[in-house]
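> Next up is a structure, given as structure tokens.
Throughout, read-outs are computed from the coordinates displayed, never taken from laboratory work. Since this is a predicted model, take the numbers as computed values, not measurements. When we count neighbours, we look across all protein chains shown, and the Cβ atoms used for this are built from the backbone with ideal geometry, even at glycine.
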Amino acid sequence: MKVLVIDKSKFPRDKACGGLLTARLFDELPELEPYIKPIIECASNDVNLYSPSMKYRIDFEFPEGTPWNITREVFDNAVLEAAGDVGAEIMTETRVSDFEFNGGVTV
């Protein structure tokens, strides 16, 4: 199988994200573990979300499986590296302008 990863951005790149991963990631995609485990920054037991005015707060606790914090920029770059290491062709700073349906297959 040939795999092509296309992204309009240059990597590594900044991306707004809460940055939480759960252990389910490694259950679903165990091949990513050697790429992701070394870049986990810390674990979280809970999260506090504040309104823009800081007047309101919502608290979340994680009773099952502590999630890990990771910077999205670092995470995305590690996933891209993992894809390249197993043979995917990587094209960054590239935009897709069109695609064709060919015999029931998206090309």
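> What FRET efficiency comes out for the pair residue 64/residue 25, r = Cβ-Cβ distance, R0 = 22 Å, nearest 0.05?
Here the calculated transfer efficiency is 0.95.
> For a protection proxy built on the mean count of beta-carbon atoms within 10 angstrom, sort 95-103, 43-51, 21-29 highest first, please.
So the peptides 95-103, 43-51, 21-29, ranked by packing, come out 21-29, 43-51, 95-103.
> A follow-up question, please. Before rounding to the nearest 500, sum -39500 (n - 2.57) across all DSSP H runs of length at least 4 in the chain and divide by the residue total; then give [θ] at 222 nm in deg cm²/dmol.
It comes out at -5500 deg cm²/dmol, rounded to the nearest 500.
> Helix 72-85 sits at what angle to the longest principal axis of the chain, using alpha carbons and giving 0 to 90 degrees rounded to 10?
It is inclined by approximately 30 degrees.
> Can you bin every Cα-Cα distance in the chain into 10 Å intervals starting at zero and give me the percent of pairs per bin, rounded to whole numbers?
Final binned percentages: 12, 32, 29, 19, 7, 1.
> Expressed as a rounded percentage, what relative contact order does the stretch 4-95 have, with Cα pairs under 8 Å and six or more residues apart?
Value for the stretch 4-95: 50 percent.
> Would you please put 73-81, 54-62, 9-17 in order of how densely packed they are, using the mean number of other Cβ atoms within 10 angstrom per residue and starting with the highest?
Put in order of decreasing packing, that is 73-81, 9-17, 54-62.
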